[in-house]
């Protein structure tokens, strides 16, 4: 790792599990950030802005660190689907997604808190949903209860049964942390994940 600490600016257990796959020591910190979109803000711009803000929010606690910030939204026809929060909203979201393509935009930032330099990207990932009837949607939601997940499903669980096809360059992006792009960013900062 060299002289820098690696920090994940997220308390998401999913992002933490993904980052641990790289075998690098890291710590986590909880960023306090207003995640409200700006008026007319496009989904890809939103997730990049929030990924950077999350990394910047914890930078003061870690003056000599590489800080990973990430944010994700799910969209249908560029309309953002938030976290449903309850069963009724989740039914609405999955009913709208049935038989359609949902695009996930994941913003990823790697901030060097020593230099202030940051790398920032947006990784899109497309999920094609199978046609779903009300019984299947209700059964899925009762079994998995994904009410705090954008788009109302967990792809790493039973949510996989809802899909016809996945389309994108990094399946980890769907879960919330594009590891392929992150490895490249770390290498730009002199951190080799393998072969060091």
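Computed from the coordinates by the stated procedures, all read-outs in this text should not be read as laboratory data. On a predicted model such as this, the values are computed, not experimentally measured, just so you know. Because the Cβ atoms are built from the backbone with ideal geometry, glycine has one as well, and the counts that use them run over all protein chains shown.
For the residues 113, 20, what sequence is obtained by ranking on other C-beta atoms within 10 Å, fewest first?
Ranked by crowding around the Cβ, least crowded first: 20, 113.
Given a Förster distance of 41 Å, report the FRET efficiency between residue 92 and residue 180 from their Cβ-Cβ distance, rounded to the nearest 0.05.
FRET efficiency, residue 92 to residue 180: 0.80.
Can you give the angle from 0 to 90° between the axis of helix 43-59 and the longest principal axis of the chain, with both taken from C-alpha atoms, to the nearest 10?
Around 40 degrees separate the two axes.
Using the 10 angstrom Cβ neighbour count as an exposure proxy, how do 152, 115 rank, fewest first?
115, 152
Quick one: helix 179-188 against the long Cα principal axis of the chain, what's the angle to the nearest 10°, folded into 0 to 90?
Tilt of helix 179-188: around 20 degrees.
Hey, what angle do you get for helix 134-144 against the long axis of the chain, alpha-carbon based, 0 to 90 degrees rounded to 10?
40 degrees
Please check: in the Gaussian network model of the chain (C-alpha springs, under 10 Å), which one of 137, 175, 80 has the largest mean-square fluctuation.
Checking each option, the largest mean-square fluctuation is seen for 137.
From a point 7 Å beyond the Cα of residue 117 in the direction of its Cβ, which residues of the stretch 156-196 have a backbone N at a distance under 17 Å?
182-193
Please give the residues of the stretch 85-112, grouped as numeric ranges, whose backbone N is less than 11 Å from a label point set 7 Å along the Cα-to-Cβ vector of residue 136.
Under cut-off, by backbone N: 98-100.
Relative contact order, percent, of the stretch 5-188 when contacts are C-alpha pairs under 8 Å separated by at least 6 residues?
22 percent
If the chain between residue 22 and residue 163 were fully stretched, how many nm would it gain, using 0.36 nm times the residue separation less the Cα-Cα distance?
Gain on stretching residue 22 to residue 163: 48.0 nm.
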